[in-house]
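What follows is calculated from the coordinates using simple rules that are stated; it is not laboratory data. Quantities reported herein were computed from a predicted structural model and do not represent experimental measurements. Note that we place each Cβ from the backbone using ideal geometry, even for glycine, and neighbour counts take in every protein chain shown.
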Amino acid sequence: MDKKLRKAIIAGNWKMNMLASGVKTYSEALNNAMPKEPSCEIVLCVPSPLIPALADAARASRINSGAQDLSEHESGAYTGDVSAAMLRDLGVKYVIIGHSERRAYHGEADLTVNAKVTSALAGGLIPVICVGETDEQREKGLTETLVAFQVKAALCGVSADALKGCVIAYEPVWAIGTGKTATAEEAGRMCGFIRDLIKKDFGEKVSNAVSILYGGSMNAKNAAELLARPDIDGGLIGGASLKPEDFALIITAAG
Ligand code: PGA
């Protein structure tokens, strides 16, 4: 299937960086540097306290608001957590779920990732579900086994229709923030592997509709080659999304 029929998405992940006071300047610089009619969906996943400033700045631009995590619970006594409804209320459209940093530093297991996916969908948010192997798992030849497990676990109980509205990001942990990018061939092969898994479990129509992104040291230099692969529908970009000029170049590379 022609990948142009799927939504191309370039999503920035600011992680725990930047301040609300810098959002306006950033988005003005991004708007000036990126194409006037970008063909991809542009998303910025920012820390929760920055979301109102982003929503303000995004109103007059092509930028969509994204969050970096959400609670699996609807509401209640969950100190420090943020619900899907709270994010929706601020105009958030996308939410990253199961990022390797949440899995590693917050002990987020696949069951929780699945519960968060369910919660995001129920709350009308588009989950960007992150999967990917560590260096050690890769060296042991466990990449496919691990990624298949993570994808299946994250999507457990999700309907075929709901899955069409999800985004999956293949992010090899060894490539995140390390400057070591997967080769376009490797990244493309793993995104294709994920699409095949979805095809087997949910059918071809669904697998053709789901946007699958690559993440892990994507930057202005390597973006075009990665994004040219037939199964890579976009990118989840950390470090290089912090500079509006670099992020704009990646948006440009998406065509
Ligand atoms: P990176 O981060 O682009 O800095 O490697 C990607 C991510 O963690 O989503």
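Summary table below
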quantity	calculated
Kirkwood-Stokes translational diffusion coefficient of segment 37-174, alpha-carbon pairs, 10 °C, 1.306 mPa s, µm²/s	102 µm²/s
Value at 222 nm in deg cm²/dmol, rounded to 500, when DSSP H runs of n ≥ 4 in the chain each add -39,500 (n - 2.57)	-11500 deg cm²/dmol
Intensity falloff of segment 142-255 expressed as log10 I(q)/I(0), Debye formula with alpha-carbon point scatterers, at q = 0.16, 0.21 Å⁻¹	-0.72, -1.11
Within segment 34-95, GluC sites (Glu not before Pro) in DSSP loop having at most 13 other beta-carbon neighbours inside 10 Å	Glu74
Long-range Cα-Cα pairs in segment 47-127 (distance over 14 Å), rounded percent	60 percent
Lys, Arg +1 and Asp, Glu -1 on Cβ, resulting dipole of segment 118-172 about Cα centre, debye, nearest 20	240 debye
Theoretical gain in end-to-end length, Lys36 to Glu74 [0.36 nm per residue, Cα-Cα removed]	9.9 nm
Listed residues Gly177, Gly157, Gly188, most fluctuating in the chain (Gaussian network, C-alpha, under 10 Å)	Gly157
Ranked Met16, Met86, Met34, Met218, criterion: other C-beta atoms within 10 Å, fewest first	Met16, Met86, Met34, Met218
Cα-centre dipole for segment 1-156 with unit charges at Cβ (Lys and Arg positive, Asp and Glu negative), debye to 20	560 debye
Two-decimal Rg/Rh across the chain, once Rg and the Kirkwood Rh are taken from alpha-carbon atoms	0.93
Total formal charge among the other residues, if their Cβ is under 10 angstrom from that of Ile126, Lys/Arg +1 and Asp/Glu -1	+1
Positive minus negative residues near Ser61 (Lys, Arg vs Asp, Glu; Cβ under 15 Å)	+1
Extension gain (nm, one decimal) between Ala160 and Thr25, 0.36 nm per residue minus Cα-Cα	44.6 nm
Positive dipole terminus of the chain, leading residue within Cys156, Thr183, Asn208 (C-beta point charges)	Asn208
HN-Hα J in Hz across segment 83-100 - Karplus 6.51, -1.76, 1.60, θ = phi - 60°, x for Gly and Pro	8, 4, 5, 5, 5, 4, 4, 8, x, 6, 10, 10, 9, 6, 9, x, 4, 4
Relative exposure of Ser71, Ser65, Ser241, Ser48, judged by other C-beta atoms within 10 Å (fewest first)	Ser48, Ser71, Ser65, Ser241
Long-range amide H partners of Gly215 with built H, under 5 Å	Tyr170, Glu171, Leu236
Residue exposure sequence - Glu136, Glu37, Glu108 - by fewest surrounding Cβ within 10 Å	Glu37, Glu136, Glu108
For segment 124-173 and segment 197-245, distance of Cα centres in Å	13 Å
Length gained when the stretch Ala122-Glu204 is fully extended (0.36 nm per residue, less Cα-Cα span)	27.1 nm
